[in-house]
Amino acid sequence: MTAAALSARADVWSEAAQGGRAPGRPLVDAEFLRDPYPAYHALRAAGPIHWSDEFFGGAWLLTRHEDVEAVLRDPLYSARRTGGWVMRGSGDERQALCPFQRLFSRAMLFVDAPDHTRLRQVLNAGFRPAALRAFASTIERMTSGLMDRLEGVQKFDFMEAMARPLPAMVIASLLGMDAADQPDFLAWSEDLATFIGAPDPDLALKRRAQASLLKMSATFEAMLAHRRTQEAKGLTIRPGEQGHLISLLMQAETEGRIKGGAELLAQCAMLLFAGHETTRNLLGNGLHALLSHPAQWQLLRQAPELMSNALRELLRYESPVQYTGRRVTTDTILHGLRLRRGDLVVPLIGAANRDPSRYRDPDALDVTRREGSHLSFGHGPHVCIGAALTMMEAEIVFRALLTRLPRIELANAEPDWNGNPVYRGLASLHLRQN
């Protein structure tokens, strides 16, 4: 977007900001899906908070780092928000979607303390440093195997060759799933991502997401039954081994720390979905950002010790999760406007990560940047439980790329974005080797 167009868009938002309302034109349009950051800057410049009818029937939008961080941390804003999201519609529609709500609402992502605390304590054991270190060699073998297929290949799609399959292989292994099930669960996950990514999903999207979630749950139900039979015969799974996460959940169910049925199946589905969606987009978005800034790619080649810092910058620069949602639990005043109990608040994480009051020259990619943490993994009690696993996968992949494919470059000038405003990522990333 040109400076003139950005200024014009800011003027539109500024006029609407007088009453805290968004303008009539949609925020999420084709231009936004290609590049949301000019719109974020215009929205932020127009005011600290805006009401928009575009999101889930109406929501307050926040763009500033300080506000987004506070909302994600403050228990005044509840993660329980699926009812007004899934079940909004006529009586017949709500009745048809009850199975979806029954499972979806029980995932750890959408519950508050004390249930959230209980579930998180169960799952934390699967993501402790020792457990992840035990699994690192498996991820390295998987990465190496995928890299082997690229030897001598002049042109390839990185998303198809690496970014999609690797995270799927990793989480499927941790959950003890058969490799043959991966194509199905990737399709089911795509339906869920499309539903979550729609600012106001219609009934068809909801029905498709429900069908996929129920199929996913049925697969886990059968797998859990089989695993119970195996464990009755003395099978044990150690940290880092295939099926470790599912064993933790089953043990917690036996001990009464997690409820069977819908609650158990919801955590399995959440881990499967969230376990690859963010990682896939970090790999694709991150590599695209580096190759679009050749000096940064070369700097990382020359100083691979910057890798951890570079990954944090890539997450800030092009967040795989652009926004989330919270419900107001008690009437409150924010920036002079009254937020009522039950109102939806949408913290725009992608905007917060580019806030110029928080980051110097926020639209620049700088792998040496040291200005504190990003918000791409969330913040507060719901911070991403698999963040360390995602970072470990990304570091293994990018180190392998620097070593084995150091001279790759973009084959297409224009990026092929997936069109999902929440899970921002690439549908394809065509590369060539010199």
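Throughout, read-outs are computed from the coordinates displayed, never taken from laboratory work. Since this is a predicted model, take the numbers as computed values, not measurements. Cβ placement follows ideal geometry from the backbone for every residue including glycine, while neighbour counts extend to all protein chains displayed.
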Within the under-12-Å Cβ sphere about Arg341, not counting Arg341, Lys/Arg +1 and Asp/Glu -1 give a net charge of +1
Result row for the chain, helices from DSSP H with C-alpha axial extent 30 Å or more and mean Kyte hydropathy at least 0.0, is 262-292
Per the rule of 0.36 nm per residue minus the C-alpha distance, extending Arg128 to Arg141 adds in nm 2.6 nm
Percent relative contact order for the chain, counting Cα pairs under 8 Å at least six residues apart, stands at 24
Rounded to the nearest 0.05, FRET efficiency between Asp363 and Asp416 (Cβ-Cβ, R0 22 Å) equals 0.55
So for the chain, using the alpha carbon gyration tensor with a ≥ b ≥ c as root eigenvalues (a/c under 1.5 gives rounded; past that, a/b versus b/c decides prolate or oblate), I'd call it oblate
With the label point 7 Å along the Cα-to-beta-carbon line of Asp74 and a cut-off under 16 Å to each amide N, the hits in segment 323-342 are 325-342
Simple spin-label estimate for Arg149/Thr117, 7 Å along Cα→Cβ, in nm, reads 4.5
In the neighbourhood of Met216 defined by beta carbon distances under 11 Å, the net charge of the other residues (Lys, Arg +1; Asp, Glu -1) is -3
If each part is reduced to its alpha-carbon centroid, segment 107-161 and segment 337-382 end up apart, in Å, by 24
Between Ser428 and Met87, the two model label points (7 Å from Cα along the beta-carbon direction) sit apart by a distance in nm of 4.3
Here the longest stretch of the chain that holds no trypsin sites (Lys or Arg not before Pro) in a DSSP loop having at most 16 other beta carbon atoms within 10 Å is 150-232
Among segment 161-193, those whose backbone N falls under 17 Å of a label point 7 Å along Cα→Cβ from Lys215 are 178-193
Full extension between Arg301 and Ala222 adds, at 0.36 nm per residue less the Cα distance, a length in nm of 23.8 nm
Residue span Ala262 to Ser308: 0.36 nm per residue of separation minus Cα-Cα distance leaves a gain in nm of 12.8 nm
Taking a crude spin-label model, label points 7 Å out from Cα along the C-beta direction, the Arg94 to Gln251 distance in nm is 4.2
